[in-house]
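Report on the structure given below.
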Amino acid sequence: MPAIHRLSPELANQIAAGEVVERPASALKELIENSIDAGSRRIDVTVKGGGKRLIRVKDDGKGMSPEDAQLALERHATSKLSSLDDLMGLSTMGFRGEALPSIASVSHLSLRTKTSDVAYGVALRVDGGTIGAPSEVGMSNGTVVEVTELFYNVPARRKFLKSDGAESSQVSRAMTQLALGHPEVGFSLTNGARRVLQYPPVRTLDERFLQVYGDREDLVKVGKKAAGVVIRGFAAALTRHGAARGVQNIFVNRRVIKDRTISHAVHDAYARATVKLRSPEIHLFIDLPPDQVDVNVHPMKAEVRFLEQSLIHELVRRAVGDALGQPSSAPMPVALHSTELSTSPSNPIPRAIPGITSGISPVSHWSTVTEIMRVARTEEARAASQLHPRSIATDLDNDAALDKSGPLMPLGQFRDTFIIAVDNEGIAIIDQHVAHERILFEQVLAQLSTGPVEGQRLLTPIVVDLTSAQREALETRTVQLEQLGFEVRDFGGESIKIITIPGLLERTEAESTVRELAADAEGFDAGAKVNDVIRCLAATTACHAAVKANDRLTHDKMLYLLDGLRRTEYSTVCPHGRPVVLRLTRNEIENSFDR
Ligand code: ADP
Ligand code: MG
């Protein structure tokens, strides 16, 4: 007797099910994707027992003929692909012809389906993989799939399922994600006797987002189009407290995926903007030509592979970074007085979800400056596009048309703390300290990317007494401090001696800076990433090196600061999240004087 034998189709399906169907939510995802692929406009889902007892998906899609319905339950039967070439250019969610037979092999499955050209539908039942005889049923056009007692014949799997409540929340999450990916489809979810979700079909992602998450003032809108890639979405705004922690939903061509490249790009964008790093809430929708992405790399289709990974990284980083540079309506409390300005017909505000800023703040008269940054970005874009003619930067060039503001010219100081400046488009009030802090922070980071920051040796070292905990904490960060241009030695007991400080720092600031660096060092978690540590220490150093409030500035120094600010990537907030600029636009001024 040969040692090798063929697996029975039942067993092969059950093994496939082990990969495709992990829990009720993953079975549901496959069924809904089938309904979407069938062109449905309405998908109604009912679950019981968190989906363990029942999952029912009813759609109004194109349905199947009786022959196709039979075939659909067989392994590797699909209507979506006939050659390997089809895979690179796929526009459907499914393609392997595995889901239905896999689910059917580990449950009781009933399938009813009807196409529009026949009077009756067909009903089929599968029990643990065995297909029963078809029968005729009266039903409306579309398909109803019912899965009961998932994993009834695979006790090992059933044991791993969680409580009804936990499985229910996974089901809701999967539904929400599918709904976000497909705004034009209406979804409802009934759990037991309770209607838990209901999203009527809408035209745009914005509308669907509003249905799902409501009016979110703490998010900024992401939008970028370049090199055939469209990136849209919503990201946690920068505030004084950092960015709101939350879920990270990443969609590529409408599929929810996990992807390290994209996560890294998002992290990178936030890391450049703020030192208060937590895992920020973000919902990103990336669309690119199907031949630029391989979707066949993961059993549950939860990962993809990009043809041009580094391009995607750069685009996502820029898209998110640009969005973070936009003013958020939430943390800016300043509003002089309200007028109808923003809704006057001559000055239409682009339609956006209320509360989610679209670059123009309809709420506040005063808004943080974005013009300064546009100039900088346009210049950067031009430089970049000369390097890579067919690069993302070409689309950024379109921003140039929007930029009519010209450079900001300082008029003077207010209370020796704020610079008052004007350009063609209005008046700006700039917090001199936070502006300088932002400039220096970005300069230090830029320098660190090429090597350590240059230090200046003090003529006479400065001795500082610290607590023993601070001294020890500082010692563990010696390497990072040296990269930032500090050289600090033990001076016996709890004292330390500052020998070298970074060039940008004044000697008079050395002691207070090192004290704060020691406090920072004490505050880091043991597992803190080195890069995050360096950024935080750099921000502290920048804060101490920056001009202070109540410092009288010369005209030249003001010019220097405004010019520096123009070159920063994120000129709206300092690395600790304080706002840099308030702005009164020309429109606002003219309207206030009835001009
Ligand atoms: P795949 O989606 O990878 O093709 P499935 O096993 O999920 O594989 O489905 C097999 C086939 O059954 C699909 O290709 C499709 O033709 C048909 N099908 C499944 N569900 C539906 C549905 N809700 N409406 C219409 N056709 C469906
Ligand atoms: Mg499928």
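The values are calculated or read from the model by the stated rules, or taken from the named source; none is laboratory data. Quick caveat, the model's predicted, so the values are computed rather than measured. Heads up, the Cβs are rebuilt from the backbone with ideal geometry, glycines too, and the neighbour counts pull from every protein chain shown. With ligands, DNA and RNA removed, areas are computed over all heavy atoms of the protein, side chains included. Shrake-Rupley method; radii C 1.70, N 1.55, O 1.52, S 1.80 Å.
Here are some notes:
- Put the Cα centre of segment 432-480 next to the Cα centre of segment 10-35 and the gap is 54 Å.
- Accessible area (Å², 1.4 Å probe, nearest 10) - D85: 130
- Probe 1.4 Å - accessible area at R477, Å² to nearest ten: 40
- Based on Cα contacts under 8 Å between residues 6+ apart, the chain shows a relative contact order of 12 percent.
- Ratio Rg/Rh [Cα only; Rh per Kirkwood] for segment 183-249: 1.06
- The chain - percent of accessible surface contributed by carbon and sulfur, probe 1.4 Å: 53
- Annotation for R305 and S79: the two label points, set 7 Å from Cα along the Cα-Cβ direction, are 3.0 nm apart.
- Between the residues Y199, V533, L474, the greatest Cα displacement towards the positive end of the dipole of the chain, with unit charges on the Cβ of Lys, Arg, Asp and Glu, is found for Y199.
- For Y120, the solvent-accessible surface computed with a 1.4 Å probe is close to 140 Å², ligands and nucleic acids excluded.
- Overall size of segment 213-298 from C-alpha positions, given as principal axis extents largest first: 42, 25, 24 Å.
- nm² value of the averaged projected area, convex hull over the Cα atoms of segment 1-149: 10.4
- Extension gain for A519-A193 works out to 111.9 nm (0.36 nm per residue, less the C-alpha to C-alpha distance).
- Segment 450-595: radius of gyration and largest Cα-Cα distance (Dmax), Å: 19.2, 70
- Relative contact order of segment 147-262, pairs being alpha-carbon contacts under 8 Å that are 6 or more residues apart, as %: 16
- Net +/- balance of residues flanking T130 in space, Cβ distance below 15 Å, scoring K and R +1, D and E -1: -2
- Added length on full extension, which subtracts the Cα-Cα distance from 0.36 nm per residue, L11 to T476: 161.7 nm
- Placed amide H near A227: partners under 5 Å, 5+ positions off or other chain: D395
- Accessible area per residue for the chain, computed on protein heavy atoms with a 1.4 Å probe, is 47 Å².
- 5 Å-binned pair-distance histogram of segment 428-478 (Cα, whole percent): 4, 14, 11, 14, 19, 22, 10, 3, 2, 0
- Scattering profile of segment 128-179 at q = 0.15, 0.18, 0.24, 0.26 Å⁻¹ [log10 I(q)/I(0), Debye over alpha-carbon scatterers]: -0.72, -0.91, -1.05, -1.09
- Under 17 Å from K52, Cα to Cα: lysines that are on another chain or at least 8 residues apart: K29, K159, K162
- Spherically averaged projected area of segment 97-148 from its Cα convex hull (nm²): 3.6
- Rg and Dmax of the chain, Cα atoms only, in Å: 29.6, 98
- Largest accessible area first, the residues R42, R567 order themselves as R567, R42 under a 1.4 Å probe with ligands, DNA and RNA left out.
- One Cα centroid belongs to segment 57-129, the other to segment 219-237; the line between them spans 35 Å.
- For segment 1-70, the ratio of Cα radius of gyration to the globular rule of thumb 2.2 N^0.38 Å stands at 1.44.
- Here's the list of lysines a cross-link from K557 could span, going by alpha-carbon distance under 18 Å and ignoring same-chain residues fewer than 8 apart: K548.
- With only Cα atoms counted, segment 487-553 has Rg and Dmax values of 13.4, 42 Å.
- Pairwise centroid distance, computed over Cα atoms, of segment 140-179 with segment 495-528, Å: 54
- Per-residue ellipticity at 222 nm from helix content only, as computed over the chain with -39500 (n - 2.57) for each DSSP H run of at least four residues, stands at -11000 deg cm²/dmol.
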